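Remarks on the structure that follows.
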Amino acid sequence: MVRKLIEWSLDSPLIILCIALGLIGVGFYSYRHINVEAYPDPAPAIVEVVAQWPGASAEEVERLVTVPLEIGLAGMPGLKTTHSRSLFGLSHLRCIFLYDLPYVEARQEVINRLQFVSGLPTGVTPTISPASPIGEIYRYQLKAKKNALGEDIYTLNDLKALQDWLLEREFRRVPGIIDVTSFGGTVKRYEIQPDPERLKTYGITLAMLSNALSNSNYNVGGDFLPQGRMSKVVRSIGVIGGGKDPMEKAIGMKTAEEAAAYLRAEEQRRCNEIRNIPIISVNEKPIMIDHIVVGGPRFAEDFRKPNGEIVSPSSSEGVVVSNQTRLGRVSFDRCTDLETGTWSHEDEKVQAIILMRKGEQSMPTIHAVKAKVKELSVPGRLLPGVEILPYYDREGLVDLTTHTVQENLLVGIALVVMILIMFISNVRTALIVAINMPLALLFAFSVLYFRGKSANLLSIGAVDFGIIVDSTVIMAENIYRKIASKEEHHEDLSLKDCILAATREIDKALFFSTAIMVVAFIPLFTMQGAEGQLFGPMAQTYAASLIGALFLAMTLTPVLCLYFFKGMKPTSENFFVKFMKNRYLWQLGICLRHPKATVGIMCALMVITVLWPLPRIGREFMPELEEGNLWVRAIFPPHVNLDAVKDPVKKFRDIVSQSEYTI
């Protein structure tokens, strides 16, 4: 069968060349469109369930939330283990499934089970976390304009609101994105600070204050009002601020100063509206929130405009704009000049992580995210003076993987060509081998693409191109030797018959040697679990590359020799080959004359290798992939205050930003 394939190739060289051109086209298309990852996802299907119960202790969360969830999720098909953790106001469960269960099925099974979990406290709704082991693909921070004094024009409340209510929704619409997790900044809230003595004076309770505030903060629908041939809807706007977000108008302003001033004015207007909410009536005189807060009433006739609108100077007590309780803060330091070691320190930033849906392709998703960032950078989409500044992008890691593959290919071609020229002193033979190496790699890319697999550093970067091109080297070298030596019984043969005779000497040996190398990967094919996820794609790619290289060696290599070796004259071995051959024959003669000593020396070397170097070599089985990033964690006591860690963290940042750490 192998000989018939070679004979058919020599009889139909144009067809073989067309097949090679088709392989180049399909392979290049596959290379351009294949999903490229840095590493394969080694994790099985993991579904995380999160339930929040604000204000509840860890013991209550464990007893009333975590345990019912564990019972409800137990016994799911394919479930291997469940890890749970109960914290103050938070319950977290991680369901780990078997490797052979798809993530979509595992996630759907968890959703089905959550519907039947009963006994949870009122207001507790468990949700599924969108996080995945390799889902983090993009990180960015919001950079705001500063004034002449170097102070931020916008508050952390403004930037956090922009992130949560605008950017998060925009990025969630990007194909392949499942969620956006933001951190840093402050969540704005309006606080009412009642004065106990004033409450006692007017006989008002906190419940009455809460009810008055709730009743004055919603819209009421009416009926239809006929007006001629038209009919209008009647409703009463009671929401504080008129139900409009001031951010919408601020985004359309031209300068950051104008937008910030408008936001501050709107905040003060809402504080005034809250102060003007009536609670009860005493002697037909309304008692408003303004009367019972700390600092007393702020409204008076002196603060009325000619049009009757009540205004009030800003105040830091009574009714104020504040933020929710902070559990952390985010800082950002950047080295702006490596030569001088100049750093930029920013103590408060708003940052976000964009998470990719599990199973999606990284590069198309990253490109879509970057396109969305470019779209949002157009004036009129963000607050004036606010920029999206990325500081982590997985595309750099993927580019590093692609660069590694390209480097292996180019270095492999250069080394093989150099060694061939060194031994046989024939450029045409080296050129034939150099043509087959990228074709074998393109064949592997085509197999991966049409099987729906991704290329990564393990599946492509770990491939030994020397072994892949070995069949082509053997075939081309033997054909060259036959033609160049012109043995006596081959002197009258044509070039085609001489090539055919040369291939018949090695065709079976070449086929079975490649088959043996493919069979050697059977242990990798049978691996299960994390090792199967990591090394299974590499074994499949290696086998596909070997099969493609063997096919090219049996078909394309003889055809190229048919064209490249025309008019070749018999040549003798060069000086280097003669020297190496003489040295080898001399050493072989010594070994044959002293067989016992030769075997003894080799056995001694094997024993020494097993006893001394082998136990001391490294155990790393992953290829090197250095991003240049360090993840440093500082662990403080569990109940430490946020303000207490501020100074130690600042000191740590100063140490890291010293000149010797800038590179």
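The values are calculated or read from the model by the stated rules, or taken from the named source; none is laboratory data. Bear in mind the structure is a predicted one, so any value in this text is a computation, not a measurement. We place every Cβ from the backbone using ideal geometry, glycine too, and count neighbours over all the protein chains shown. Each accessible area value is taken on the protein alone, full model and side chains, heavy atoms only, with ligands, DNA and RNA left out. Shrake-Rupley method; radii C 1.70, N 1.55, O 1.52, S 1.80 Å.
Before we move on, is Lys244 touching a residue at least 24 places away in the same chain (Cβ under 8 Å) and within 30 Å of Leu389 (Cα to Cα)?
So Lys244 does not fit the description; no.
Can you tell me which residue within segment 329-345, out of those that are out of contact with any Lys or Arg (no Cβ under 6 Å at 6 or more places or on another chain) and at pLDDT 85 or above, is surrounded by the most Cβ atoms within 10 Å (Cβ to Cβ)?
If we take residues in segment 329-345 being out of contact with any Lys or Arg (no Cβ under 6 Å at 6 or more places or on another chain) and at pLDDT 85 or above, then Arg329 is surrounded by the most Cβ atoms within 10 Å (Cβ to Cβ).
Given the criterion free of Cβ contacts under 8 Å to residues at least 60 places away in the same chain and open to solvent by less than 20 Å² (accessible area, probe 1.4 Å), identify the matching residue among Ala549, Ala543, Ala553.
Ala543
Please indicate, with yes or no, whether at least one residue in segment 187-210 is polar (S, T, N, Q), within 30 Å of Leu263 (Cβ to Cβ) and in a helix (DSSP H, G or I).
yes
Mind checking which residues of segment 30-56 are within 16 Å of the chain's Cα centre (by Cα), in a loop (DSSP other than H, G, I, E, B) and among the aliphatic types (A, V, I, L, M)?
Ala38, Ala43 - these are the residues of segment 30-56 that are within 16 Å of the chain's Cα centre (by Cα), in a loop (DSSP other than H, G, I, E, B) and among the aliphatic types (A, V, I, L, M).
Yes/no per residue for (1) at pLDDT 80 or above; (2) open to solvent by 10 Å² or more (accessible area, probe 1.4 Å); (3) closer than 20 Å to Ala20 by Cβ:
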site	(1), (2), (3)
Ile413	no, yes, yes
Ile424	no, yes, no
Ala444	yes, no, yes
Val447	yes, yes, yes
Asn456	no, no, no
Val473	yes, yes, yes
Ala476	yes, no, yes
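Need pairs with beta-carbon distance below 7 Å; first residue open to solvent by less than 60 Å² (accessible area, probe 1.4 Å) and within segment 180-194, second of a type in the set (Lys, Arg) and in a loop (DSSP other than H, G, I, E, B); sequence gap 6+ or separate chains.
Once the first residue is open to solvent by less than 60 Å² (accessible area, probe 1.4 Å) and sits in segment 180-194, its partners that are of a type in the set (Lys, Arg) and in a loop (DSSP other than H, G, I, E, B) give Gly184/Arg329; Gly184/Lys349; Thr186/Arg326.
Only one of (1) closer than 23 Å to Leu376 by Cβ; (2) open to solvent by 30 Å² or more (accessible area, probe 1.4 Å); (3) in contact with a helix residue (DSSP H, G or I) (Cβ under 7 Å, 6 or more places away or on another chain) is not met by Gly252, so which one is it?
(3)
Against the definition (in contact with a Ser or Thr (Cβ under 8 Å, 6 or more places away or on another chain) and not charged (D, E, K, R)), how does Ile237 come out, yes or no?
no
If you scan segment 72-88, which residues turn out to be touching a residue at least 24 places away in the same chain (Cβ under 8 Å), more than 20 Å from Asp100 (Cβ to Cβ) and open to solvent by 30 Å² or more (accessible area, probe 1.4 Å)?
Leu87, Phe88
Do you know which residues across segment 115-127 are out of contact with any strand residue (DSSP E or B) (no Cβ under 6 Å at 6 or more places or on another chain) and either at negative phi or free of Cβ contacts under 8 Å to residues at least 12 places away in the same chain (or both)?
Answer for segment 115-127, where residues must be out of contact with any strand residue (DSSP E or B) (no Cβ under 6 Å at 6 or more places or on another chain) and either at negative phi or free of Cβ contacts under 8 Å to residues at least 12 places away in the same chain (or both): Gln115, Phe116, Val117, Ser118, Leu120, Pro121, Thr122, Thr125.
Return the residues of segment 386-411 that are aromatic (Phe, Trp, Tyr) and open to solvent by 70 Å² or more (accessible area, probe 1.4 Å); say none if nothing qualifies.
The one that is aromatic (Phe, Trp, Tyr) and open to solvent by 70 Å² or more (accessible area, probe 1.4 Å): Tyr391.
Which one of these is touching a Pro at 6+ places or on another chain (Cβ under 6 Å) and within 25 Å of Tyr154 (Cα to Cα): Ala250, Ala256, Ala260, Ala265?
From the options Ala250, Ala256, Ala260, Ala265, the qualifying one is Ala256.
Of all residues in segment 26-56, which are more than 30 Å from Leu442 (Cα to Cα) and either open to solvent by 40 Å² or more (accessible area, probe 1.4 Å) or of a type in the set (A, V, I, L, M) (or both)?
Within segment 26-56, Ala45, Ile46, Val47, Val49, Val50, Ala51, Gln52, Trp53, Pro54, Gly55, Ala56 qualify.
I need the full set of residues from segment 255-265 which are closer than 19 Å to Arg189 by Cβ, open to solvent by less than 60 Å² (accessible area, probe 1.4 Å) and free of Cβ contacts under 8 Å to residues at least 60 places away in the same chain, in order please.
Within segment 255-265, just Ala265 meets the criteria.
Please verify whether Phe511 is assigned to a helix (DSSP H, G or I), in contact (Cβ under 8 Å) with a residue 24 or more places away in the chain and open to solvent by 30 Å² or more (accessible area, probe 1.4 Å), treating the condition exactly as stated.
For Phe511, the condition - assigned to a helix (DSSP H, G or I), in contact (Cβ under 8 Å) with a residue 24 or more places away in the chain and open to solvent by 30 Å² or more (accessible area, probe 1.4 Å) - is met.
Can you name the condition, by its number, that Leu383 falls short on among (1) touching a helix residue (DSSP H, G or I) at 6+ places or on another chain (Cβ under 6 Å); (2) open to solvent by less than 10 Å² (accessible area, probe 1.4 Å); (3) within 30 Å of Ala131 (Cβ to Cβ); (4) in a helix (DSSP H, G or I)?
Checking Leu383 against (1) touching a helix residue (DSSP H, G or I) at 6+ places or on another chain (Cβ under 6 Å); (2) open to solvent by less than 10 Å² (accessible area, probe 1.4 Å); (3) within 30 Å of Ala131 (Cβ to Cβ); (4) in a helix (DSSP H, G or I), the one that fails is (4).
Determine, yes or no, whether Met538 is crowded, with 17+ Cβ neighbours inside 10 Å and either among the aromatic types (Phe, Trp, Tyr) or over 21 Å from Cys18 (Cβ atoms) (or both).
In short, yes.
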